[in-house]
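Computed from the coordinates by the stated procedures, all read-outs in this text should not be read as laboratory data. Being a predicted model, the structure only gives us computed values, none of them experimental. Note that each Cβ is placed from the backbone with ideal geometry, even for glycine, and that neighbours are counted across all protein chains shown.
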Amino acid sequence: MLSGKRIILGVTGGIAAYKAAFLLRAYQKAGAEVRVTMTPAATRFVGVETFSSLSKHEVAVEVFPENHAATESWTQHISWGEWSDLFVVAPCTANTLAKIAHGISDNMLTATVLAARCPLLICPTMDGEMYEAPAVQTNLETIHDLGYYLLEPDEGYLASGLEGKGRLPDVFKILDKSNQVIQKEKSDGPLSGKKVLVTAGPTREHIDPVRFISNPSSGKMGFAMAEAARNLGGEVTLIHGHVTIPKPYGISTVEIESAADLFEEVKKESDADVVIMAAAVSDFTPQEKKQQKIKKEGANTDLHLIRTQDILAWLGEHKKKGQQLIGFAMETEDLLKNARSKLEKKKADWIVANSISDPDAGFQSDTNRVHLINNRTNKEYKGSKKEVANRVLQKILG
């Protein structure tokens, strides 16, 4: 379950902080990618360079670190919170436990906890009778009520020389618990056991072997929808055009070139329980594709186009019972009017509409501003494309 997963490892200021280095390596051996965030107190036990060298990533400690541009630091907790599949705080001191329980975010670790969209696993460790203290027990109850996962400490010899409950569990116990958390989140998701088809990115309609008609779609919104569906437990197939962004892990992908290629692949997966048509599909294709490069000397500059297959309309005509069909509409004018028209004509259940004219939305942007529309709903969402994708899909699934 951990192979290909993205894990944030939070390290707090207790003597067990040194064990987090072994935990990091264990996660990596299990196939996970790990980033580390530390509280300032944790750096007094283990140096930042240790975790940076092991993880191959910069370690996040301060919200406003020196020698960093503002855009590279104070928003890092947001980007990490969206990046991760699991956040593990090990060891978690009584101090950090109290902060998490009460929503205090006075360092990068606790700020990232609030920004995370993934399950949180807390491994509390402390010395003496601290774990049994009424305040700590109350905070543990609060943690449980908030829906966070907890791995209780082991009993044994403590750093103070006392015997008691407070030791960080064995690395393999933490790995096993991590597996259980990810498995539970996947099986409990609203898309658990359901097939999801997502299309993303542009299509290319070739004029000759070196020239084509296309559009600037980056695939970011479609990929975000695919990741959101995966995180909700869906068995996702992602069909995409040419993109330069990394393919999401844990998702079956098929790369296509043209609208005709896309149509053929979509037909193969058209029995999916949820279909999300986020691809920017060319509406026209050259009537004739030249087999050799067209030379400019004496070339005919007239280009004759024909319509491509309307894939969303085909899906609407062939929609199976209970299937959710979600289309996307990008407009330059009359956004809501055109989106509602598309909803009706294509027989879709939902349309996600956004205007290419908005400065914080559209092609290439990492953010988006959309209207989610059906016969009864017009809900606006804005934020990063991953955040928008999560909120849109959660609204659709009710």
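Annotation: the antiparallel percentage among DSSP beta bridges lying fully within the chain is about 30.
So for S282, S357, fewest C-beta neighbours within 10 Å to most, what's the order?
Taking fewest neighbouring Cβ atoms as first place, the list is S357, S282.
Look at the alpha carbon pairs under 8 Å that are at least 6 residues apart: their mean separation over the length of the chain gives a relative contact order of 11 percent. Estimated from helices alone, the mean residue ellipticity of the chain at 222 nm is -9500 deg cm²/dmol (sum of -39500 (n - 2.57) over DSSP H runs with n ≥ 4, per residue).
Treat each spin label as a single point 7 Å out from the Cα along the C-beta direction, and report the D208 to L305 distance in nm. The two pseudo-label positions are separated by 2.0 nm.
Centre-to-centre separation between the Cα atoms of region 101-136 and those of region 188-223: 40 Å. Charged side chains reduced to their Cβ positions (Lys and Arg at +1, Asp and Glu at -1) give the chain a dipole of some 1080 debye around its Cα centre.
Among T112, T96, T138, which one shows the biggest mean-square fluctuation in a GNM of the chain, springs joining Cα atoms closer than 10 Å? Highest fluctuation among the options: T138. Arranged from fewest to most other beta-carbon atoms within 10 Å of their beta carbon, M225, M108 become M108, M225. Restriction of the chymotrypsin sites (Phe, Trp or Tyr not before Pro) in region 65-171 to DSSP coil positions whose beta-carbon has at most 16 other beta-carbons within 10 angstrom yields W74. In the chain, the sites counted are trypsin sites (Lys or Arg not before Pro) in DSSP loop states with at most 12 other Cβ atoms within 10 Å, and the longest stretch holding none of them, exclusive of the sites, is 57-292.
Using the Cβ of K267 as centre and a radius below 15 Å, the other residues enclosed give a net charge of -3, where K and R count +1 and D and E count -1.
Only one of the listed values, (1) 23.4; (2) 20.5; (3) 19.0, was derived from the coordinates as mean projected area of the Cα convex hull in nm²; which label is it? Label of the calculated value: (1).
When the C-alpha to C-alpha distance is required to be over 25 Å, the pairs from K29/K268; K220/K268; K195/K386 that qualify are K29/K268. Listed by chain and number, the aspartates and glutamates whose alpha-carbon sits under 15 Å from that of K385, ignoring those within fewer than 8 places in the same chain, are E82, E227, D358, D360, D366.
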